[in-house]
1. Mind giving me the nanometre distance, one decimal, between the label points for Gln53 and Asn7, set 7 Å out from Cα along Cα→Cβ?
2. Could you check the simple spin-label distance between Asn43 and Ile61, using points 7 Å along Cα→Cβ, in nm with one decimal?
3. Extending each Cα 7 Å along its Cβ direction at Cys93 and Lys80, get the distance between those two points in nm, one decimal.
4. With θ set to phi - 60° and the Karplus curve 6.51 cos²θ - 1.76 cosθ + 1.60, what are the ³J(HN,Hα) couplings of segment 83-90 in order, to the nearest whole Hz, using x for Gly and Pro?
5. Using modelled amide H (1.01 Å from N, peptide plane; none on Pro or chain starts), what sits under 5 Å from the amide H of Gly15, excluding residues fewer than 5 places away?
Amino acid sequence: MNNTKNNVEDMHVMGGGLRSNNPNDCGYLGNLFTDYNIYDEFNIFGDPFIAYQVLHSCITITIVPLDATNTIPLTKEFLKAFEESQGTYEVECCFRSLNTKLFEFC
């Protein structure tokens, strides 16, 4: 992790949750849907050691929790606006990472 810290100025992490209302309307629960673990969020649960390393790395971190995914409107209009707003490398990279099949389902 030390080499990474030297090359990374800041980081955005999609993981965790504050007040998740996931697709099954689970209220304040996580998104694992198991009997033994009802609170964890999948991206953090999947590799807790790395999550710990990242969160304690002293790199500036912006966490985008599961809750945020409930407020993003995946409509044709949203995707078109996203496509047209590619003014930075980061936005272009995010847009290119989308599966273009999304346009067919909206």
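Just so it is clear, none of the values below were taken in a lab; they were calculated from the coordinates. Predicted model only: the values in this text are computed from it and were never measured. Note that each Cβ is placed from the backbone with ideal geometry, even for glycine, and that neighbours are counted across all protein chains shown.
1. 1.4 nm
2. About 1.2 nm separates the two model spin labels.
3. 2.9 nm
4. So the Karplus estimates, Gly and Pro as x, are 4, 7, 9, 7, x, 10, 4, 4 Hz.
5. Residues meeting the criterion, in which the H sits 1.01 Å from N, are Val64, Leu66.
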